[in-house]
Amino acid sequence: MAQNIVEKILSAHRVSGELIPGKELALRIDQTLTQDATGTMAYLQFESMGLDRVKADLAVSYVDHNTIQVGFENADDHAYLKSVAQRYGVVFSRPGNGICHQLHLERFGKPGATLLGSDSHTPTGGGIGMIAIGAGGIDVAVAMGGGPFFLTCPKVTLVRLTGSLKPGVSAKDVILNVLSVYGTNGNVGRVLEYGGPGVADLGVPARATITNMGAELGVTTSVFPSDATTRSFLKAQGRERDWVELAADAGASYDTTLEIDLCALEPLAACPHSPGVIATVASLAGKKVQQVLIGSCTNSSYRDLKTAALMLRGKKIHPDVEVGVAPGSRQVVEMLAKEGLLTDLVSAGVRMLENACGFCIGNHMSPGTDAISLRTSNRNFEGRTGTQSAQVYLVSPETAVAAALTGVFTDPRTLGALPTEVAEPAAFDVDDSLFLFCETAGKGVPGTAIVRGPNIGQVPSGKPLPEKLDGVAVIKVGDKITTDHIMPAGARLKYRSNVPQYAKYVFEHVDPAFHANASANRDAGLYNVIVAGESYGQGSSREHAAMCPMYLGVKALIAKSIERIHLANLINFGIVPFIFDNPADYGAIKQGDKLVIDGLREAVSGDGKAVVKNVTRGASLPVSTALSTRQKTILVNGGLLAAVATGAV
């Protein structure tokens, strides 16, 4: 039977379950990655399993998020991660080596393999032909230990590309076009597979940009074929042995198809405050810009930054614009330096930033009050930059440079002659010296002392599901609440391994009283319930957005819809994810209302149907949750770690 690429990889890695969309599927995971913002908790969870080493083919621990070291917390956590990596057989990428997704693409990604990462942009690996999926840290810990990853078997959409991109239009504009079609919600349980003759026009870095921002669509992942272009990239990285050809069979079927003519695309921008609010750059032309930042895991490749340097060569940035560039890896930095391209950037007036995630997650380079910031990163959620009033637009490197030169939104095609498309080098500069413990990967060094600074806490454990929920609607939020809304990043991320401290900032910018209210309810013996609209839990795979609310006594979420990774995290931490049977019932609950669910445990164990009694308003609201047998067991036991500890799963 003819198979598409997604079916081929899922079939080859199926441990159990059926390859039928909507059915639960268990997959063998070949590789895992973590980063320091999520990795500390993932490794604490791995340690709690009592295993002597990692059992995945490859596990890599990257330090790329919290490289700003103000206070002891980040440095101590990096020491913990380094010691854990040596002890259990994990490859450790030192600070300064680069951003996890760019590095993994360069040095470890393999066509046809599976990759699970504790970062929502792990699907970047789809640009090289992997099924690469973002997940919560606890799921990654299980995969490191050799356990399968469970997911709902997805539907597959073919994105058929034809034609070729015109000068001034690049991969960022392709994925922004896809976002203009599908938006940021309603795409759970779907994978995008790119195909068609237009694929040949896109290099691996371009493909990775497109799969990276598939995360903003809410799809499970995105994947490109592995072809001659992939082989050329791997050969240039000195890894041709990792190449395998991977293409859909003739006659392979898809759930739906989206046709995109690359020739017809023009420069686009995602407008505040969502990656799904798309406008043409031409329609924004003339709007004044105060800041331009180029880099992040989306657009920080050699191709992207060389393009920016060539556009800036011999020119100066506009005096009213602050410009920063963050390369994706040390390899990129070294190659730019050897070719004199760093000189072009610095001479133009660019501030060179560390090759890390910094500005994307609000760790530095926050814009000024009410400033317009153009960024080549992947998210423009309100307040994510660290400045609540900032207006952030997501654009391509070409559009970013055009604004840097003119001081206003400018279609790069109006600047005159643009540099020719950057050719892939015959050989990238390879220096793996900042990857530690490669020789003991998968084996570990027993007896290695684990370094635990005072910020390294304990993994909180959940309590078994009660028979009845007596609770309070501790907060009511609207649509498209992101994990950044729930658990702020930026400077707060340094508390990621100290749950009691980090929990003080849950919903900090949405409801500053949340921590106090939730704590008071919990201490009074009442459960906390979160009420939400559409697409709750967009964005980062940050499991703290479930873990910290669980610590504060949240036992249920009632929403119109919930995004995939966050839904899995809620279940893993013992929070029941209910959906309103009637979306209009969302209006029947107010913050502070007393809520009761009789037979909660029975409902979760059974058909998932329950009735929420709003005691305050005298209303009865039907809700439901669709769970697999495994998920029911996890919730009843109070979360995944509790279920594992009791032998229930």
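The values are calculated or read from the model by the stated rules, or taken from the named source; none is laboratory data. Just so it is clear, the model here is predicted, and its values are computed rather than measured. Note that we place each Cβ from the backbone using ideal geometry, even for glycine, and neighbour counts take in every protein chain shown.
For (1) modelled with pLDDT of 90 or more; (2) under 23 Å from Glu106 (Cα atoms); (3) of a type outside the set (Phe, Trp, Tyr); (4) crowded, with 24+ Cβ neighbours inside 10 Å, each residue gets a yes or a no:
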| position | (1), (2), (3), (4) |
| --- | --- |
| Glu354 | yes, yes, yes, no |
| Ser366 | yes, no, yes, no |
| Pro397 | yes, yes, yes, yes |
| Val422 | yes, yes, yes, no |
| Phe428 | yes, yes, no, no |
| Asp432 | yes, yes, yes, no |
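Identify, please: which residue in segment 62-78 is more than 18 Å from the chain's Cα centre (by Cα) and of a type in the set (Asp, Glu) and is, among those, modelled with the lowest pLDDT?
Per the criteria, the residue is Glu73.
Restricting attention to segment 525-544, and to residues there that are aliphatic (A, V, I, L, M) and without any contact (Cβ under 8 Å) to a residue 60 or more places away in the chain, which single residue is farthest from Arg384 (Cα to Cα)?
It comes out as Leu526.
Check segment 400-417 and report whether any residue there is under 24 Å from the mean Cα position of the chain (by Cα), closer than 20 Å to Ala282 by Cα and not in a loop (DSSP other than H, G, I, E, B).
The answer is yes, given that some residue of segment 400-417 is under 24 Å from the mean Cα position of the chain (by Cα), closer than 20 Å to Ala282 by Cα and not in a loop (DSSP other than H, G, I, E, B).
Checking the condition small (Gly, Ala, Ser) and in the same structural domain as Lys476 (by TED's automatic domain parsing), which residue from Ala648, Ala619 passes?
Ala619
Can you tell me which condition Thr229 does not meet? The list is (1) modelled with pLDDT of 95 or more; (2) surrounded by fewer than 24 Cβ atoms within 10 Å (Cβ to Cβ); (3) hydroxyl-bearing (Ser, Thr, Tyr); (4) outside any helix (DSSP H, G or I), and all the others hold.
Just one mismatch for Thr229, condition (4).
Checking Gly349 against (1) within 23 Å of Val510 (Cα to Cα); (2) surrounded by fewer than 22 Cβ atoms within 10 Å (Cβ to Cβ), which test does it fail?
(1)
Among the residues of segment 475-494, is any in contact with a strand residue (DSSP E or B) (Cβ under 9 Å, 6 or more places away or on another chain), of a type in the set (S, T, N, Q) and at negative phi?
Yes - at least one qualifying residue is present in segment 475-494.
Across segment 74-86, which residue is farthest from Ile138 (Cα to Cα) among those that are touching an Asp or Glu at 6+ places or on another chain (Cβ under 9 Å) and either of a type outside the set (D, E, K, R) or surrounded by fewer than 24 Cβ atoms within 10 Å (Cβ to Cβ) (or both)?
So the residue we want is Asn74.
Look through segment 332-347, keep the residues that are among the acidic types (Asp, Glu) and assigned to a helix (DSSP H, G or I), and return whichever of them is nearest to Phe428 (Cα to Cα).
Glu334
Determine if segment 513-522 includes at least one residue that is outside the structural domain of Cys297 (by TED's automatic domain parsing) and at pLDDT below 95.
Scanning segment 513-522 turns up no residue that is outside the structural domain of Cys297 (by TED's automatic domain parsing) and at pLDDT below 95.
Which of the residues belonging to segment 599-629 are in a helix (DSSP H, G or I) and crowded, with 16+ Cβ neighbours inside 10 Å?
The answer is Leu600, Arg601, Ala603, Val604, Ser605.
Can you find even one residue in segment 448-469 that is buried (at least 19 other Cβ atoms within 10 Å of the Cβ) and part of a strand (DSSP E or B)?
For segment 448-469, residues buried (at least 19 other Cβ atoms within 10 Å of the Cβ) and part of a strand (DSSP E or B): present.
Taking segment 489-524 on its own, how many of its residues are under 28 Å from Ile579 (Cβ atoms), among the small types (Gly, Ala, Ser) and free of Cβ contacts under 8 Å to residues at least 24 places away in the same chain?
3
With respect to Thr385, is the statement that it is outside the structural domain of His104 (by TED's automatic domain parsing), assigned to a loop (DSSP other than H, G, I, E, B), over 27 Å from the mean Cα position of the chain (by Cα) and touching a residue at least 24 places away in the same chain (Cβ under 8 Å) true?
no
Of everything in segment 197-213 that's outside any helix (DSSP H, G or I) and touching a residue at least 60 places away in the same chain (Cβ under 8 Å), which residue is nearest to the chain's Cα centre (by Cα)?
Ranking the candidates gives Met213 first.
Here is a list: Asp173, Asp139, Asp119. Which entry is closer than 26 Å to Cys357 by Cβ, part of a loop (DSSP other than H, G, I, E, B) and in the same structural domain as Val91 (by TED's automatic domain parsing)?
Asp119
Name the single residue, out of those in segment 388-399 being in a loop (DSSP other than H, G, I, E, B) and among the polar types (S, T, N, Q), that is farthest from Thr122 (Cα to Cα).
That would be Ser389.
From Leu33, Leu81, grab the single residue that is among the aliphatic types (A, V, I, L, M) and either at pLDDT below 95 or farther than 22 Å from Asp484 by Cβ (or both).
Selected residue: Leu81, the only one of Leu33, Leu81 that is among the aliphatic types (A, V, I, L, M) and either at pLDDT below 95 or farther than 22 Å from Asp484 by Cβ (or both).
Residues are listed down the side, and each one gets a yes or a no for (1) in the same structural domain as Lys235 (by TED's automatic domain parsing); (2) in contact with a strand residue (DSSP E or B) (Cβ under 7 Å, 6 or more places away or on another chain); (3) among the hydroxyl-bearing types (Ser, Thr, Tyr); (4) in contact (Cβ under 8 Å) with a residue 40 or more places away in the chain:
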| site | (1), (2), (3), (4) |
| --- | --- |
| Leu27 | yes, yes, no, yes |
| Gln31 | yes, yes, no, yes |
| Thr38 | yes, no, yes, yes |
| His65 | yes, yes, no, yes |
| Asp76 | yes, no, no, yes |
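With respect to Tyr194, is the statement that it is free of Cβ contacts under 8 Å to residues at least 40 places away in the same chain and of a type in the set (Ser, Thr, Tyr) true?
Against the criterion (free of Cβ contacts under 8 Å to residues at least 40 places away in the same chain and of a type in the set (Ser, Thr, Tyr)), Tyr194 qualifies.
Quick check on segment 500-514. Is at least one of its residues over 16 Å from Leu552 (Cα atoms), of a type in the set (A, V, I, L, M, F, W, C), part of a loop (DSSP other than H, G, I, E, B) and in contact with a Gly (Cβ under 8 Å, 6 or more places away or on another chain)?
no
Tell me, which strands (runs of 3 or more DSSP E) wholly within segment 1-83 include 1 or more residues that are β-branched (Val, Ile, Thr)?
14-17, 31-35, 58-62
Just for segment 409-420: of the residues that are at pLDDT 90 or above and of a type in the set (S, T, N, Q), which one is farthest from Cys271 (Cα to Cα)?
For segment 409-420, the residue satisfying everything is Thr414.
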